[in-house]
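The structure under discussion appears below in the form of structure tokens.
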Amino acid sequence: MKMTLKTALLPAFLAASALVLLPCAASAQSEMTPHQKELYEAAKKESGPITWYTAILNQQLDESVGDAFSKKYPGLKLSPIKTTAQVAFQRLLQDLKAGKAQADVFTTTDVGHMGYLKSKDELLKYTPEGEKDLVKAIRNVDPDGYYHTGWVGLAAILYNTSKLKAADVPTDWPGLTDPKWKDQITFGSPNFSGMVGVWTVAMAERYGWDFFKKLNALNPQIGRSIDDAVTVLNSGERSIGMGNPGTAARSADKGNPLAIVFPSSGTLMVISPSAILKDTKHPNTAKLFLEFLTSKEYSEILAKNFEWPLRADVKPPAGGKSLADMELFAPTPEKIAKELPGNKEKWRDTFGM
């Protein structure tokens with residue numbers, strides 16, 4: 001089913017309850033499976049918190065995920081470190097080069113990172129029990145079981161409602177290249193953001209690199225993270241851009257003048273995989289965290305914070321559709337790994353940065 005209506009979700013988002021960072025106590029104390037109990041008993045013998053290098057959500061939400069994990073598994077702690085995908089990956093590579101990975105679990109918005117780490121034998125093979133409960137389209141992203149979906153980001157057209165009328169906003173990606181958006185458009189960079197990187201692969205596949213040459217002619221304001229567009233749009237510096245609808249909806253819920261357009265040709269889905277580092281000192285705790293990322297509690301946190309749940313048995317954000325019911329498209333991991341390095345070079349040549 002196509003999602004073509006402008007701001008289809010936003011009115012319902014704004015009517016939803018206030019931002020909720022933790023699941024209800026009853027849900028958080030749900031019974032563990034025998035396998036999870038076995039992992040939990042072993043994890044309690046591992047000293048110190050596990051470190052999570054993450055490129056998803058924001059620091060506040062990542063910390064709330066850690067709090068919920070500790071609530072479900074008392075005595076276990078998670079320390080999230082949030083950066084953009086490329087920064088997190090470079091930091092991880094530096095750690096590995098020094099012979100000591102600081103991260104126990106790594107979550108990125110660039111699936112190519114996982115292919116590289118897997119080829120270097122840096123990942124621990126583990127498939128969480130909850131994998132079978134994820135929406136079918138995001139299960140088994142690695143058939144060998146080294147990494148799994150930890151979050152799904154969507155890319156959409158965002159705009160400032162105090163500057164633009166809904167009727168004037170394009171309904172699909174090619175509309176962003178209209179000359180009328182000169183000095184008005186903003187987006188992130190694939191040299192920092194994994195999600196923007198996947199966007200470049202998808203747009204180049206559909207429209208050719210001329211799509212980006214046309215955008216460059218509009219004097220865009222380019223940030224680093226995909227979420228920088230929300231900051232720029234809120235400030236009024238620019239009026240339209242490409243960004244993550246979940247971030248935009250959270251911002252609009254706080255009273256900022258933002259609205260969302262889900263492109264009529266389909267919604268770009270960016271699967272963000274999570275994996276355990278092979279040399280982790282906390283393998284059982286890390287495995288439990290992967291179990292948590294497939295749990296109902298985690299998907300409930302996502303939905304209550306305007307993100308899309310990974311499980312079909314959790315309702316999507318108010319007014320939204322389940323991932324299972326949306327018309328989604330995404331480049332294959334192989335396509336991303338092949339095209340993204342070259343796209344980063346072409347990006348520098350096109351935009352000069």
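Annotations for the structure displayed:
- Cα extents for the stretch 34-99 along the principal axes, largest to smallest and rounded to whole angstrom: 37, 29, 19.
- The stretch 208-296 - Debye-derived log10 I(q)/I(0), Cα point model, q = 0.14, 0.23, 0.25 Å⁻¹: -0.74, -1.18, -1.29
- All Cα pairs of the stretch 85-138, percent lying beyond 13 Å: 67 percent
- Packing-based ranking, highest mean first, of 267-278, 332-343, 225-236, 63-74 given that Cβ atoms within 10 Å are counted: 267-278, 225-236, 63-74, 332-343
- Relative contact order of the chain, pairs being alpha-carbon contacts under 8 Å that are 6 or more residues apart, as %: 28 percent
- Computed over protein heavy atoms with a 1.4 Å probe, the accessible surface of the chain works out to 40 Å² per residue.
- The stretch 181-244 - Rg over Rh from alpha carbon coordinates, Kirkwood radius: 0.95
- Normalised per residue, the volume of the convex hull around the Cα set of the chain (Å³): 123 Å³
- Compactness relative to 2.2 N^0.38 Å, alpha carbon Rg of the stretch 162-311: 1.20
- Beta bridge orientation in the chain: antiparallel %, DSSP, nearest 5: 60 percent
- Measuring only protein heavy atoms, the 1.4 Å probe finds Met203 accessible over about 0 Å².
- Area of Asp313 that stays accessible when all protein chains are in place (1.4 Å probe, Å², to 10): 80 Å²
- Size descriptor, Kirkwood hydrodynamic radius, that averages inverse alpha-carbon separations across the stretch 99-196, Å: 17.1 Å
- Both radii were evaluated on the Cα set of the stretch 27-169; the Rg over Rh quotient, with Rh as the Kirkwood radius, amounts to 1.03.
- Principal axis dimensions, largest first and in whole angstrom, of the stretch 255-318 by Cα: 45, 26, 22
- The stretch 185-213 and the stretch 254-271 have Cα centres separated by 16 Å.
- Distance in nm between pseudo-label sites at Thr231 and Lys37 (7 Å out along the Cβ direction from Cα): 4.8 nm
The values are calculated or read from the model by the stated rules, or taken from the named source; none is laboratory data. Just so it is clear, the structure is predicted and the values come from calculations on it, not from any experiment. Neighbour counts run over all protein chains shown; Cβ positions are idealised from the backbone, glycine included. Note: accessible area is taken over every heavy atom of the protein model, side chains too, but ligands, DNA and RNA are not part of it. Shrake-Rupley method; radii C 1.70, N 1.55, O 1.52, S 1.80 Å.
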